[in-house]
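The values are calculated or read from the model by the stated rules, or taken from the named source; none is laboratory data. No experiment lies behind these values; they were computed from the predicted model shown. Ideal geometry is used to build each Cβ from the backbone, glycine not excepted, and the neighbour counts take in all protein chains shown. Just so you know, the surface numbers come from the protein's heavy atoms only, side chains and all, with ligands and any DNA or RNA stripped out. Shrake-Rupley method; radii C 1.70, N 1.55, O 1.52, S 1.80 Å.
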Amino acid sequence: MAIVLGGGLSGLSAAYYLLKKFGQPTAIFEASSRIGGWIKTEKHKDRGFIFEAGPRTIRPKGISGANTLEMIEDLQLPIEAVTSSHVAAKNRMIYAKGQLCMLPNSLKGVLQTIPPFSQPLAMALFNDLKSGPKKIKFGDESIYDFVSRRFGKELADYAISPMICGICAGDAKEISVRFLMDELFDKEQRYGGVMKGIFLSKLNDKKKDNAGTSKGLFQDKQPTMFKEAVKNKWTMYRVNDGLETLPRTLNDYLLAKNVEVNLTSECREIVFGENSVRLNIKGQDVEAKHVVSSIPSFKLAACVKDQHPGLAGQLMAIPYVDVAVVNLQYNSKDLLKQPAFGFLVPPLEKRPILGVIFDSCIFDMEENTVITVMMGGKWFEQYYGQNPTQKDLLDIALREVSQILGIEQEPKMSRVHILKKCIPQYNVGHKQRVQDIRRYIQRYKLPISLCGAAYDGVGINDVILSARMSVEGMPVLH
């Protein structure tokens with residue numbers, strides 16, 4: 001039997017795919033007292049709104065997006081979609097140079113000079129076309145350096161840097177282009193420019209399609225909901241009653257299939273045998289043929305350090321950051337002057353927040369204005385010290401909301417969540433680091449598979465697909 005470590009979304013997904021592949025029950029061991037990991041929804045149905053302490057929307061894009069929709073379809077989960085015509089899909093802002101600036105959402109906007117940029121964004125494309133090729137030493141660089149080099153420093157400062165804050169609460173000057181923009185980097189390195197690479201690779205792809213080559217995971221049949229998403233131009237969606245409904249429904253599905261879900265069951269040590277693995281869980285030995293680990297890399301490192309210190313060192317080399325999430329609810333409906341998905345703050349502005357999500361603009365929250373302030377990440381300790389109180393963080397959030405959005409009234413309800421070491425940082429060299437970790441496991445033939453945000457991406461789609469691929473790569477268990 002295979003065992004899954006971790007009851008977050010990736011661990012639950014791993015158990016789901018283990019059932020699909022092997023058709024037999026497994027067991028999940030989760031250290032905390034609840035399933036779902038960082039996904040946490042607080043419902044206030046009587047008042048028409050919800051708070052999300054973690055992610056809230058899912059993008060139906062690409063193979064990973066199709067894979068998630070296939071699971072949601074199988075679980076028969078109702079969803080609410082946001083199409084490309086919705087204001088939250090069209091309007092995204094950054095706070096720069098003392099004002100909220102709408103990012104261009106049309107060809108006309110790209111051709112115009114709009115704040116905070118000093119020239120039309122179309123000029124950045126010309127910058128790429130006129131810039132010569134440059135081979136990068138060690139095959140990786142920061143996403144900030146890549147964009148600065150190809151498209152100009154202004155785009156790196158005011159578009160890419162805040163985007164990275166929104167994706168992984170990280171510093172674009174440290175985050176790997178190989179990990180988050182691998183295709184663009186590869187095109188530049190192969191063809192000598194990004195735009196040139198996009199054009200030439202499309203020609204090559206067309207030739208390959210004509211030759212009848214594989215089109216990936218869903219080459220035979222795309223999930224019905226994914227085809228609907230493409231047809232109706234969904235840009236994002238949520239699961240009804242909040243995103244926590246997804247892991248809870250997944251948990252119920254697994255329990256109905258006789259999968260054991262053990263809470264408050266932290267793994268303290270893993271010892272690998274020739275064809276088996278022994279886990280110490282709450283002082284008790286648990287034997288398994290194989291283990292799928294979805295727990296954070298630093299926690300896995302602590303479990304394997306005695307038998308495999310080299311592997312533990314590689315796992316520990318993946319840094320994590322703390323994030324604070326402040327949910328605010330106001331009884332007035334129209335406090336937001338500019339409807340949008342929200343705004344992000346470029347790090348060079350030196351404000352103590354990463355950005356604000358306009359929850360009540362994205363989905364109907366009845367007669368409420370609901371926003372979420374994202375704080376910290378790479379700069380957590382710099383702005384708040386080592387152990388800020390919830391009141392400290394709430395006061396900072398309210399001050400920023402007042403100064404940037406002009407909302408002076410006190411919220412009717414608020415929640416502050418301090419999420420310790422919640423997001424891995426994909427620093428330069430991360431892709432190679434993950435390959436080295438998995439190569440170590442293969443070299444020593446360890447009966448363990450890895451999935452989750454530390455290895456394959458931080459998004460909802462990423463961690464679910466990571467679980468699927470880790471299970472599909474497992475040997476047949478006897």
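Among the residues of segment 292-308, the one identified as within 19 Å of the chain's Cα centre (by Cα), open to solvent by 10 Å² or more (accessible area, probe 1.4 Å) and polar (S, T, N, Q) is Ser294.
Name the one entry in Leu103, Leu69, Leu121 that is farther than 21 Å from Gln338 by Cβ and either open to solvent by less than 40 Å² (accessible area, probe 1.4 Å) or hydrophobic (A, V, I, L, M, F, W, C) (or both). Leu69 is the lone residue from the list that is farther than 21 Å from Gln338 by Cβ and either open to solvent by less than 40 Å² (accessible area, probe 1.4 Å) or hydrophobic (A, V, I, L, M, F, W, C) (or both). Is segment 402-416 home to any residue that is assigned to a helix (DSSP H, G or I) and crowded, with 17+ Cβ neighbours inside 10 Å? Checked against the condition, which is being assigned to a helix (DSSP H, G or I) and crowded, with 17+ Cβ neighbours inside 10 Å, segment 402-416 yields at least one hit. Could you check, for segment 117-126, whether at least one of its residues is farther than 29 Å from Tyr330 by Cα and in contact with a Cys (Cβ under 9 Å, 6 or more places away or on another chain)? So far as segment 117-126 goes, yes, one or more of its residues are farther than 29 Å from Tyr330 by Cα and in contact with a Cys (Cβ under 9 Å, 6 or more places away or on another chain). Would you confirm whether or not segment 40-50 contains a residue that is of a type outside the set (Lys, Arg), touching a residue at least 40 places away in the same chain (Cβ under 8 Å), in contact with a Leu (Cβ under 8 Å, 6 or more places away or on another chain) and open to solvent by 50 Å² or more (accessible area, probe 1.4 Å)? No, segment 40-50 contains no residue that is of a type outside the set (Lys, Arg), touching a residue at least 40 places away in the same chain (Cβ under 8 Å), in contact with a Leu (Cβ under 8 Å, 6 or more places away or on another chain) and open to solvent by 50 Å² or more (accessible area, probe 1.4 Å). The conditions of being over 30 Å from Phe49 (Cβ atoms) and at pLDDT 95 or above are met by Ser265.
Collect the residues in segment 147-183 that are open to solvent by 10 Å² or more (accessible area, probe 1.4 Å) and without any contact (Cβ under 8 Å) to a residue 24 or more places away in the chain, keeping them in residue-number order. Hits for segment 147-183 are Ser148, Arg149, Lys153, Ile160, Glu183. The set of residues in segment 228-275 that are among the aromatic types (Phe, Trp, Tyr), more than 19 Å from Val291 (Cβ to Cβ) and open to solvent by less than 40 Å² (accessible area, probe 1.4 Å) comprises Trp234, Tyr237.
Considering every residue within segment 364-372, establish whether at least one is outside any strand (DSSP E or B), of a type in the set (A, V, I, L, M, F, W, C), crowded, with 18+ Cβ neighbours inside 10 Å and touching a residue at least 24 places away in the same chain (Cβ under 8 Å).
Step one: of segment 364-372, the residues outside any strand (DSSP E or B) are 364-368.
If we keep only those that are of a type in the set (A, V, I, L, M, F, W, C) too, we end up with 365.
Subsequent filtering for residues that are crowded, with 18+ Cβ neighbours inside 10 Å retains 365.
Then drop every residue that is not touching a residue at least 24 places away in the same chain (Cβ under 8 Å), which leaves 365.
Yes, segment 364-372 has at least one match.
Based on this model, can you work out whether Val463 counts as within 16 Å of the chain's Cα centre (by Cα), at pLDDT below 95, open to solvent by 10 Å² or more (accessible area, probe 1.4 Å) and under 30 Å from Asp182 (Cβ atoms)? Answer is no for this residue. The listed residues are Ala14, Ala31, and the only one of them that is over 29 Å from Asn232 (Cβ atoms), touching a Cys at 6+ places or on another chain (Cβ under 9 Å) and surrounded by 23 or more Cβ atoms within 10 Å (Cβ to Cβ) turns out to be Ala14.
From the list Lys333, Lys420, Lys378, the one residue that fits, being without any contact (Cβ under 8 Å) to a residue 40 or more places away in the chain and either closer than 28 Å to Arg47 by Cβ or open to solvent by 10 Å² or more (accessible area, probe 1.4 Å) (or both), is Lys333.
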